[in-house]
Amino acid sequence: EYGLAGQVKEINQAAVRLAREVAGDRALVAVSIGPTGLLSEPYGEATFDHFYAAFAEQARAVEEAGADLISLETMSDLQEIRAALIAVKENTSRPVLAQMTFEPNGRTMMGTDPTTAAVVLEALGADAVGANCSGGPAELLTVLQEMAQVTSLPLVVQPNAGLPRLVDGRTVFDQTPETMAAYAVKLLETGAWIIGGCCGTTPNHIQAISQALQGKRVVVRPRQRYSTLTSRSQTVIIAADHPPVFVGERINPTARKKLAQDIREGRMQMVLDEARGQVEAGAPILDVNMGVPGIDEPAAMKQAVIQIQGAVKVPLSLDSANPAAIEAGLKAYAGKALINSVNGEEKSLRVVLPLARKYGAAVLGLTLDERGIPATAEERLAIAGRIVQAAEEYGIAREDVYIDCLVQTASAQQVQVMETLKGVQLVKEKLGVKTMLGVSNVSHGLPAREILNSTFLAMALGFGLDLPIINPFDQRMREVLAAAAVLTNRDQYCGRYIEQFKDYAAATKPAPTAVKTEAIVAAKPATSEAVDLSIKSRIQQAIIDGDRNSIQELIQQALVLGLKPLALVNEAMIPGIDEVGRRYEDQTFFLPQLILGAETMKAGFEVLRPLLSSNEGRSVGKIVLATVQGDIHDIGKNIVAVMLENYGFQVIDLGKDVPTIEIVERAEKEQAELIGLSALMTTTMPRMAEVVSEVRKRGLAARVLIGGAVVTEDYARKIGADAYAADARAGVLRALELVGA
């Protein structure tokens, strides 16, 4: 931001040197590393490699200067802190504290919950995990209590002294040293080993905390043994005392020509349709395989992972025999993935297991080696034992190792079916790790496959199978899982079973032969009104799903059908982005979905803009946006800009650190109806008052809308601003109100 990129090493080493001079032998020197201010793809343009390079450079410099430890702080994007933690662990030998910052709703700005944060950061090798900044100690006590349920690592916490307010030109924090000290004891009892303060804390606060904790001992919690997988915003626990889960198998191009062609062309539309469809059918985890011959599989895996993460919230299993493709997927994946797979061959173990350790992934081991699949359960157990031992030697916890005893088809190798099940039982008994099976392999080449598949699944669950890989659209398989949950006491009081089958009616006659949807459509031509409604609904849904791949094609289809551009904007696109906004407000959507929805709408509008008449395409208002002088934070403002454009505003974005006079003069020159101001720090909030004052002094008609992390409605009223917005969605609604749209 200040043209000092070439002096990263010099500045950081000077900081460590000065801290060392003050600390002497009385204290450790910790280097605080915060976020870059960039958004990771697909929400921004920053890649994993970009983040990694920036953090690695800083980490190497501070270790060379003699820092004792590194504290990753105030991170809101799980992907960014993943890259930072990996960079620090690979480029230094220093202990690392990993902390994220949480919103009042208990999630980070990008939607990560405390459980997921703790699981992912522990898997990546953090020495302590926790939270800083955020709200006051009461809010972070709740965050730490949730983290303590899933990790036994030391917890670290640095709360703000409450949220800041500007009073008579001074920044004021409400939490007193005494209040902070009282909460420090509660934080210690929760599992915090390292307790401090962030914004608003003073030497008096730290002294009070220190005195309150004098002589008290940290709480050592027993090691957690949960097997977990996560996405950016959701954790799935695989355990006997939790509901049974499965992996959806449908994103696999083997013997599926259309899906293979979709992947080969880089469209990924069928891939996303499969992802959404499987999740809607109840799949809690998805397998992702890009194994199309002749393509750049690493590039395809990266693209698929990025786009699937934007479309669904569930964890992913990255399925490839190509280590480069696995690593490309792991880099792009903001969460704790499952690698599918490694096998008993030495070269496979040597290449894949280090990837699992580096990127904090779980790993699936196949019970085969150079000689192929063994004939007996005991031989498969022996290979499984070698895989588990090798994984532990690489530092991979046993609960993150899954074993697949390999299902062979009953039509060709009937005797092997029971050997597979015996293998599952032996692995559970002797090794104590989780087991997986690709269940549907058993029925290849036989009729009525769903009967064999569901029966085999029930048998396998009885032998100890933890995580089946199945087709989520197979109703029989889902029914078996629901029934098994009741019979194995994993569905307490049969609650989920009753809810699922309360309207169930047993079939009294054979089910009718399935008829393809295409045949139904051909037999009964749709009316033009129905077609119009269908295409509008699909455009609306594309915006809700953040489906940038298909929006332009859908709009082109609508235009070919004769729909008017303005009708598409008003009757399909605006309702779509409105629904995204509503879901964001009720917290079923988070910032990533809001950004993708806005970007999808923007992509669709690019097709329509040239077709709208000057009257139809006119702006509902012109707004000058800026982050005020002295403040270099603009992620929130940039999101607001995209949202406003989608609602028909002409946005003139002046950027960040913009002087008052430049904002006002540009608004005057453009004859703007609105001025939107952003500030993240209380120290820059007075610049907002200056802008309002200058607008009034010049007699401009422009209305002033303000927002930002520390800005409040009271402050807006106090300085005479016309409106206040708490977030991007509110910013759009207030702007529309101000221009009377």
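Looking only at region 176-195, how many residues end up being without any contact (Cβ under 8 Å) to a residue 40 or more places away in the chain and either open to solvent by 50 Å² or more (accessible area, probe 1.4 Å) or within 30 Å of the chain's Cα centre (by Cα) (or both)? Number of matching residues: 6. Being on the phi > 0 side of the Ramachandran plot, open to solvent by 10 Å² or more (accessible area, probe 1.4 Å) and either touching a Phe, Trp or Tyr at 6+ places or on another chain (Cβ under 8 Å) or in a helix (DSSP H, G or I) (or both), is that true of even one residue in region 124-140? Yes - at least one qualifying residue is present in region 124-140.
The C-beta contact set for region 459-486 (first residue closer than 21 Å to Leu338 by Cα and open to solvent by less than 30 Å² (accessible area, probe 1.4 Å), second residue charged (D, E, K, R) and not in a helix (DSSP H, G or I), distance under 9 angstrom, 6+ apart or interchain) comprises Asp466/Lys434; Leu467/Lys434; Ile469/Glu249; Ile469/Asp287; Ile469/Asp404; Ile470/Glu249; Pro472/Glu249; Pro472/Arg250. When restricted to residues that are in a loop (DSSP other than H, G, I, E, B), polar (S, T, N, Q) and at pLDDT 95 or above, region 250-290 contains 1. Of the conditions (1) outside any helix (DSSP H, G or I); (2) open to solvent by less than 30 Å² (accessible area, probe 1.4 Å); (3) modelled with pLDDT of 85 or more; (4) of a type in the set (S, T, N, Q), Thr588 satisfies every one except a single condition; which number is it? Of the numbered conditions (1) outside any helix (DSSP H, G or I); (2) open to solvent by less than 30 Å² (accessible area, probe 1.4 Å); (3) modelled with pLDDT of 85 or more; (4) of a type in the set (S, T, N, Q), the odd one out for Thr588 is (2). Considering the conditions (1) more than 30 Å from Asn638 (Cβ to Cβ); (2) aliphatic (A, V, I, L, M); (3) within 21 Å of the chain's Cα centre (by Cα), Ala67 is excluded by exactly one of them, (3). The number of residues in region 330-379 that are closer than 28 Å to Ala87 by Cα and either free of Cβ contacts under 8 Å to residues at least 24 places away in the same chain or among the β-branched types (Val, Ile, Thr) (or both) comes to 9. Among the residues of region 9-52, those that are of a type in the set (A, V, I, L, M, F, W, C) and under 28 Å from Ala311 (Cα atoms) comprise Leu38, Leu39, Ala46, Phe48, Phe51. Given the structure, is Ile308 modelled with pLDDT of 95 or more, more than 21 Å from Asp77 (Cα to Cα) and of a type in the set (A, V, I, L, M)? Taking the combined requirement at face value, the residue does not satisfy it.
Of the residues that sit in region 271-297 and are in contact with a Pro (Cβ under 9 Å, 6 or more places away or on another chain) and open to solvent by 30 Å² or more (accessible area, probe 1.4 Å), which one is farthest from Thr116 (Cα to Cα)? Once the filter is applied, the top-ranked residue is Gly291. Take region 652-691 and flag every residue that is in contact (Cβ under 8 Å) with a residue 40 or more places away in the chain, small (Gly, Ala, Ser) and within 23 Å of Arg165 (Cα to Cα). Within region 652-691, Gly676, Ser678, Ala679 meet the criteria.
Return the residue satisfying two criteria in turn: it lies in region 20-59 and is among the β-branched types (Val, Ile, Thr) and outside any helix (DSSP H, G or I), and of such residues it is farthest from Gly636 (Cα to Cα).
From region 20-59, those among the β-branched types (Val, Ile, Thr) are 22, 29, 31, 33, 36, 47; that's our starting set.
Pick out the ones that are also outside any helix (DSSP H, G or I) and you get 29, 31, 33, 36, 47.
On the way: Val29: 33, Val31: 27, Ile33: 21, Thr36: 14, Thr47: 19 Å.
This residue is Val29.
The listed residues are Val219, Val172, Val236, and the only one of them that is surrounded by fewer than 17 Cβ atoms within 10 Å (Cβ to Cβ) and either in contact with a helix residue (DSSP H, G or I) (Cβ under 8 Å, 6 or more places away or on another chain) or under 30 Å from Ile469 (Cβ atoms) (or both) turns out to be Val219. The residues of region 291-325 that are under 18 Å from Val363 (Cβ atoms) and part of a helix (DSSP H, G or I), listed by number, are Met301, Val305, Pro323, Ala324, Ala325.
Evaluating Glu45 against the criteria (1) open to solvent by less than 40 Å² (accessible area, probe 1.4 Å); (2) within 20 Å of the chain's Cα centre (by Cα); (3) not β-branched (Val, Ile, Thr) leaves one unmet condition, (1).
For first residues located in region 1-23 and hydroxyl-bearing (Ser, Thr, Tyr), partners that are surrounded by 14 or more Cβ atoms within 10 Å (Cβ to Cβ) and lie 6+ apart or on another chain with Cβ distances below 9 Å form the pairs Tyr2/Ile632.
Give the residue, chosen from Leu559, Leu596, that is in a helix (DSSP H, G or I), of a type outside the set (Ser, Thr, Tyr), in contact (Cβ under 8 Å) with a residue 40 or more places away in the chain and more than 30 Å from Gly111 (Cα to Cα).
Numbers: Leu596 fails: more than 30 Å from Gly111 (Cα to Cα).
On inspection, the qualifying residue turns out to be Leu559.
On the basis of being touching a residue at least 40 places away in the same chain (Cβ under 8 Å), over 18 Å from the mean Cα position of the chain (by Cα), closer than 24 Å to Ile339 by Cα and assigned to a helix (DSSP H, G or I), does Val88 make the cut? Yes; evaluated as a whole, the condition is true for this residue.
The set of residues in region 216-249 that are assigned to a loop (DSSP other than H, G, I, E, B), under 22 Å from Pro315 (Cα atoms) and among the hydrophobic types (A, V, I, L, M, F, W, C) comprises Ala239, Ala240, Val245, Phe246. When the helices (runs of 4 or more DSSP H) confined to region 605-703 are screened for residues that are open to solvent by 80 Å² or more (accessible area, probe 1.4 Å), those reaching at least 2 such residues are found at 660-670, 685-698. When we screen Arg17, Arg94, Arg82 for residues that are of a type in the set (Lys, Arg) and assigned to a loop (DSSP other than H, G, I, E, B), the only hit is Arg94. Scanning region 24-42 for residues that are hydrophobic (A, V, I, L, M, F, W, C) and in contact (Cβ under 8 Å) with a residue 12 or more places away in the chain, we see that the one that is surrounded by the fewest Cβ atoms within 10 Å (Cβ to Cβ) is Leu28. Checking each residue in region 162-215 for being small (Gly, Ala, Ser), modelled with pLDDT of 95 or more and either assigned to a strand (DSSP E or B) or under 18 Å from Thr74 (Cα atoms) (or both) picks out Ala192, Gly196, Gly197.
The values are calculated or read from the model by the stated rules, or taken from the named source; none is laboratory data. Bear in mind the structure is a predicted one, so any value in this text is a computation, not a measurement. Positions of Cβ are backbone-derived with ideal geometry, glycine not excepted, and every protein chain shown enters the neighbour counts. In case anyone asks, the SASA skips ligands and DNA or RNA and just uses the protein heavy atoms, side chains included. Shrake-Rupley method; radii C 1.70, N 1.55, O 1.52, S 1.80 Å.
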